[in-house]
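I have placed the structure first, in the form of structure tokens, so that the comments after it can refer back to it.
The values are calculated or read from the model by the stated rules, or taken from the named source; none is laboratory data. Worth saying up front: this structure is predicted, and the values here are computed from it rather than measured. Because the Cβ atoms are built from the backbone with ideal geometry, glycine has one as well, and the counts that use them run over all protein chains shown. Note: areas computed on protein heavy atoms with side chains; ligands, DNA, RNA excluded. Shrake-Rupley method; radii C 1.70, N 1.55, O 1.52, S 1.80 Å.
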Amino acid sequence: MRDDPRLPSSSGFWRSPLRGPRFTSVLGLVLLFGITVLFVTGLVSYAAYNPDLSPVNDQTPEKGILGFYLFDWPTGPHWLYRLNQGVHVTLGITLIPVLLAKLWSVIPRLFALPPARSLAHALERISLLLLVGGALFEFVTGVLNVQLDYVFPGSFYPLHFYGAWVFFAAFVAHVVLKMPIALSNLRHLREEKEVTEEEKNDLVTPRPAEPTVSRRGALWFVGGGSLLLFATTVGQNVDGLRRTALLAPHGGGDPGSGPNGFQINKTAAYARIDAAETGEDAWRLVVTGRTGTVRLSRADLAGLTLHSAALPIACVEGWSTSDQWWRGVRLRDLAALVGYDGDPPDLFVESLQRRGAFRRAALRANQVADPRSLLALYVNGEELSPDHGFPARIIVPAAPGVLNTKWVARMTFGDL
């Protein structure tokens, strides 16, 4: 029954002549580089949230040793998070055809019997199952988060964080087991040698069907699919190319025109901002610190010394704006109003928004101290629009977009 060609456990069931060690090795080496970059940029992205600073920033409980690498996120260069997250999301989407082709090329192994011929074989099969399951989980959750914005039960962050570690552990184990074989296959491919009987494995069908395309043609097809996804995604980070980002949620050009006509994530309507709360007579910024609490109207803030900074907005979903000119009060100057004349402390910020993630956020002292970190009142020479955070919003160099809190209501300086 095991050798019945009608069953997927039989090598005769999988008849494509494309499958083989060389085809799989080429795809594997592309993924070796690409997934390593994805993993590193993903860890860096997580560090950018300063997850050890405050529970409102970190939604990944008990990460323990998995957070060994965390560091205080810097404020320079100011485009750091924009670059990191643009690479992470664009590369992840670009690799989808390669991943699917790789999974297709090794699918016979998932049905091979017996499940384990030895302890070493059992460990290899377990690593393969974790590798396939982890890859599908990470790519599917990542794409859904980019396209649909937080559709998961619970938080996206712990799911993606823990899933990444499980997947990468299986990935490393698989690379250690398969790298010598992959390099040998590629060497023979470069030398245009035929596959010997010793080099053949369970991927090579004993009953090949008539080929409809060559292996080189199949690789070109996969590469073309990746190029197409790259071309329809990367524009979400590049002025002048945004209309080409057909597969990106913030593609399609700038939303509107004028000084406030650049990308946004949450609109005022989505966040359920009540216009009555943001009017000049109603809105007051509450600032609390060492010497007590002060309440400032927008006119009060505009009467303080204002500074300007050219900074982008960069989101975890991979989109970003070009540098916009922001003008407002330095965060460190607001800290000085409540007793912090020297080095300012950490900052806890609360928003008026009633819907959506990160209604509250924490910033580290180094972010507060940076002279480009502002409570912005204006952008590109005009008052903030409601969708961009009127009456006031945070803008910090190199910080993820969700930490640049809009519709700010309260700021608390000091120990968090």
Inset, instruction - Being among the hydroxyl-bearing types (Ser, Thr, Tyr) and under 15 Å from the mean Cα position of the chain (by Cα) is the filter; apply it to the stretch 51-106 and report the residue that is nearest to Lys178 (Cα to Cα). - result: Thr94
Inset, instruction - Under 6 Å between Cβ atoms, at least 6 apart or on separate chains: pull out the pairs that start in the stretch 26-41 with a residue that is more than 16 Å from Lys178 (Cα to Cα) and end on any residue that is part of a helix (DSSP H, G or I) and at pLDDT below 90. - result: Phe39/Phe168
Inset, instruction - Scan the stretch 297-308 residue by residue and report those that are assigned to a helix (DSSP H, G or I), of a type in the set (A, V, I, L, M, F, W, C) and either in contact (Cβ under 8 Å) with a residue 60 or more places away in the chain or surrounded by 17 or more Cβ atoms within 10 Å (Cβ to Cβ) (or both). - result: Leu301, Ala302
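Yes or no, residue by residue, for (1) open to solvent by 40 Å² or more (accessible area, probe 1.4 Å); (2) in a helix (DSSP H, G or I):
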| residue | (1), (2) |
| --- | --- |
| Gly217 | no, yes |
| Gln236 | no, yes |
| Leu247 | yes, no |
| Asn260 | no, no |
| Asp281 | yes, no |
| Ala310 | no, no |
| Gly318 | no, no |
| Val329 | no, no |
Legend entry - Filter result for the condition that a residue is at pLDDT below 80, of a type in the set (A, V, I, L, M) and under 30 Å from Arg6 (Cβ atoms), over Leu148, Leu128: Leu128
Legend entry - Options Pro345, Pro400: the member that is touching a helix residue (DSSP H, G or I) at 6+ places or on another chain (Cβ under 7 Å) and open to solvent by less than 20 Å² (accessible area, probe 1.4 Å): Pro400
Inset, instruction - Tell me which residues, restricted to the stretch 348-387, are under 24 Å from the mean Cα position of the chain (by Cα), assigned to a helix (DSSP H, G or I) and surrounded by fewer than 21 Cβ atoms within 10 Å (Cβ to Cβ). - result: Asn366, Asp387
Inset, instruction - Can you run down the residue pairs with Cβ atoms below 6 Å, 6 or more apart or on separate chains, where the first is in the stretch 331-343 and within 17 Å of Ile394 (Cα to Cα) and the partner is open to solvent by less than 40 Å² (accessible area, probe 1.4 Å) and outside any helix (DSSP H, G or I)? - result: Leu331/Ser373; Arg332/Pro344; Leu334/Val287; Ala335/Pro344; Ala335/Phe413
